[in-house]
1. Contact order normalised by length for the chain, with contacts defined as Cα pairs under 8 Å and 6 or more residues apart; what percent is it?
2. What accessible area, in Å² to the nearest ten, does a 1.4 Å probe give for K14?
3. Please list, ordered by chain and number, the residues whose modelled amide H lies under 5 Å from the amide H of F35; skip anything fewer than 5 residues away on the same chain.
4. Quick check for the chain: number of Lys pairs with alpha-carbon distance under 21 Å, counting only pairs 8 or more apart or on different chains?
5. Before I look further, what does the chain give for accessible area per residue, probe 1.4 Å, in whole square angstrom?
6. At a 1.4 Å probe radius, which order do Y55, Y79 fall into by accessible area, largest first?
7. Once you put a point 7 Å from the Cα of H72 and another 7 Å from the Cα of F7, both along the Cβ direction, what distance in nm separates them?
8. Treating the beta-carbon of each Lys and Arg as +1 and of each Asp and Glu as -1, no other charges, what is the dipole magnitude of the chain about its Cα centre, to the nearest 20 debye?
Amino acid sequence: MKEELSFENALMGKLLNSWSFMSVREGIDHHFIIFDFEIFSNESKIKLSDEHDEYKWIGEDEFEKLNMREGHKETLRKYFGIRRTEL
């Protein structure tokens, strides 16, 4: 969380997903290990790394419509499924 969003105070939670793929265009292997985090800060403190142009808070009813890799969507499905069972 510190590297990507500049958050110092975050509590790592459950492992949500891990997956890999090879980018044919770039010829690069990409590996994702995705955890649930609880952030102890406010939105005004977000500072994106140089690798990112923007961020957006999304809800359970929004992510399926977004243009993103299927692995990310699978992770979000798992996340929202976990959240529903914990509430």
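The values are calculated or read from the model by the stated rules, or taken from the named source; none is laboratory data. Since the structure is predicted, the reported quantities are computational estimates derived from the model, not experimental observations. Heads up, the Cβs are rebuilt from the backbone with ideal geometry, glycines too, and the neighbour counts pull from every protein chain shown. For accessibility, only protein heavy atoms count, side chains too; no ligands or nucleic acids. Shrake-Rupley method; radii C 1.70, N 1.55, O 1.52, S 1.80 Å.
1. 29 percent.
2. 110
3. Amide H neighbours of F35: L16.
4. 13
5. 82
6. Ranked from most to least accessible, the order is Y55, Y79.
7. With each label placed 7 Å out from Cα toward Cβ, I get 1.7 nm.
8. Result for the chain is approximately 260 debye, rounded to the nearest 20.
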